[in-house]
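Have a look at this one.
The values are calculated or read from the model by the stated rules, or taken from the named source; none is laboratory data. Remember, predicted model here, so these are calculated numbers, not experimental data. All Cβ positions, glycine included, derive from the backbone under ideal geometry; neighbour counts span all protein chains shown. What goes into the accessible areas is simple: the full protein's heavy atoms, side chains included, and nothing from ligands, DNA or RNA. Shrake-Rupley method; radii C 1.70, N 1.55, O 1.52, S 1.80 Å.
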Amino acid sequence: MMMNCGAVNATTPSSTSWSASHSSKVPMLLPRAICTPQRMCCVSGVHVDACVSFNVSRNCAVAKDSLGWSGTSPSLYSKQPFNKFLLPLKALVTSTSQDFPIASLIGEEKVGVLLLNLGGPETLEDVQPFLFNLFADPDIIRLPRLFRFLQKPLAQFISVARAPKSKEGYASIGGGSPLRQITDAQAEELRKSLWEKQVPAKVYVGMRYWHPFTEEAIEQIKRDGITKLVVLPLYPQFSISTSGSSLRLLESIFREDEYLVNMQHTVIPSWYQREGYIKAMANLIEKELEKFDRPEQAVIFFSAHGVPLAYVEEAGDPYKAEMEECVDLIMEELEKRKIINAYTLAYQSRVGPVEWLKPYTDETIIELGKKGVKRLLAVPISFVSEHIETLEEIDVEYKELALKSGIEKWGRVPALGCEPTFISDLADAVIESLPYVGAMAVSNLEARQSLVPLGSVEELLAVYDSKRRELPSPVTVWEWGWTRSAETWNGRAAMLAVLVLLVLEVTTGQGFLHQWGIFPSFH
């Protein structure tokens, strides 16, 4: 992913603005400018190629730690006052919905809001088919073009193999995911907030991998005669594998339906930098810190859902950059409240043999224990609803690991759910997007510089993954030992072995998959 920062060619930290040792008062890394990835923003067909410095010099000078930065090992960051080193960041988006002439924007139109989310199995019987839908998505497992006919057989194999362990996890949290109930509640609260703000909109929920599927939501939208649609993924940060996958599905649905082709719509691809979201997260963190006997000594541990490293480095996924800026903004808000705790960011939920974004959450917890950290507050930063990654992976697995690693006091910030500040700000984001619904050309400067890029589904996909490129090889040389190259080649070898087995099964009609009843036997 290219960065448009003039002639500067420097490595940016893998987490936040500067690092310091746990006891040091002096920052080891100078503040970095916040630069948006090239071609990240698209507003109604207008590409915005910019280095946004937010009142910092337009040169976007990036300072590198004298000790270097690997981006893979966990580090603690001590929050020092921003104004001692740099003008305050201006990436925070403040709501301007009160300035919009709502009546003239809506007129006689029927406004709808489509909330997009992952979905989750509601019963233990749903687990295996849910996993199949997940792994059958080419944005989750990207096979080479030659092997794409094996996408569904591979998804069947993985889902059957993983189902028993996944069922154990869901059984431990009550027998199913609460995601649908929580998302439905968020939709209802968002509808109420919009009506209170004089926007009589209907709100719909479309899940990617389980009921209610996105296709079901679209059919209801058509039945209700919606003429203006705002698409709002419930992922604060954009990723090819989450928002991107849902938007790609919408693109295919829109192209096949004349009603949808003519329906005006716009997309809010990410909203991690909105003031309401940032303040809502800070509110929850501040409240949980108060439960510690020594709140100032608790390390704030941001844990985000991981993505394969190749998505970021090779496919240009902006997820990592948006996640890091999101953490920066939350910590800046906490600093305004005189909360300057040490903090760190790591990535959880990796699966398979390929390399994912680092540092990993489990490894980071162990490392923090070795460094003598005794109080840890986990913050699920990429989740707005409770589900298995928070209720089982964080609350059970990581908590147990933390206690075994020497951490004595463990806390966890709840997911946002229906937090009033959060819901109200989502409503403001919808209102602010209404002027862009259906717009195919934007000429005013304010829209071009919007920090919430808005556009149609097709335009948005053109920005993030324009050519649907094959992922290039992450490495080009062979290395021995436990290296990044070795990890990558091991993953390729394992995937190739699975593909060979599947080809043999499909072509011969015999093998252990047929014996287990996964594939039907040929007679």
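Would you mind stating whether Phe292 is over 24 Å from the mean Cα position of the chain (by Cα) and under 22 Å from Leu416 (Cα atoms)?
In short, yes.
Which of the residues spanning the stretch 97-144 are at pLDDT below 95, of a type in the set (Val, Ile, Thr) and closer than 17 Å to Leu247 by Cα?
Residues satisfying the conditions are Ile140, Ile141.
Right, here's the next one. Going through the stretch 152-190 one residue at a time, which ones are open to solvent by less than 50 Å² (accessible area, probe 1.4 Å), closer than 28 Å to Leu114 by Cα and in a helix (DSSP H, G or I)?
Ala155, Tyr170, Leu179, Ile182, Thr183, Ala185, Gln186, Ala187, Leu190 - these are the residues of the stretch 152-190 that are open to solvent by less than 50 Å² (accessible area, probe 1.4 Å), closer than 28 Å to Leu114 by Cα and in a helix (DSSP H, G or I).
Mind checking which pairs have a first residue in the stretch 185-196 that is touching a residue at least 60 places away in the same chain (Cβ under 8 Å) and a second that is outside any helix (DSSP H, G or I) and surrounded by fewer than 21 Cβ atoms within 10 Å (Cβ to Cβ), Cβ under 6 Å, 6 or more apart or different chains?
Cβ pairs passing all conditions: Ala185/Cys418; Gln186/Cys418; Glu189/Cys418.
Follow-up question, since we're still on this one. Just checking, does the stretch 379-386 include any residue being within 20 Å of His305 (Cβ to Cβ), of a type outside the set (Gly, Ala, Ser) and open to solvent by 10 Å² or more (accessible area, probe 1.4 Å)?
Within the stretch 379-386, one or more residues are within 20 Å of His305 (Cβ to Cβ), of a type outside the set (Gly, Ala, Ser) and open to solvent by 10 Å² or more (accessible area, probe 1.4 Å).
Going through the stretch 340-362 one residue at a time, which ones are farther than 20 Å from Val413 by Cα and open to solvent by 30 Å² or more (accessible area, probe 1.4 Å)?
Correct list: Arg350, Val351, Gly352, Pro353, Val354, Lys358.
Where residues in the stretch 206-230 are open to solvent by 20 Å² or more (accessible area, probe 1.4 Å) and hydrophobic (A, V, I, L, M, F, W, C), which of them is nearest to Val111 (Cα to Cα)?
Step by step, filter the stretch 206-230, then rank; the result is Phe213.
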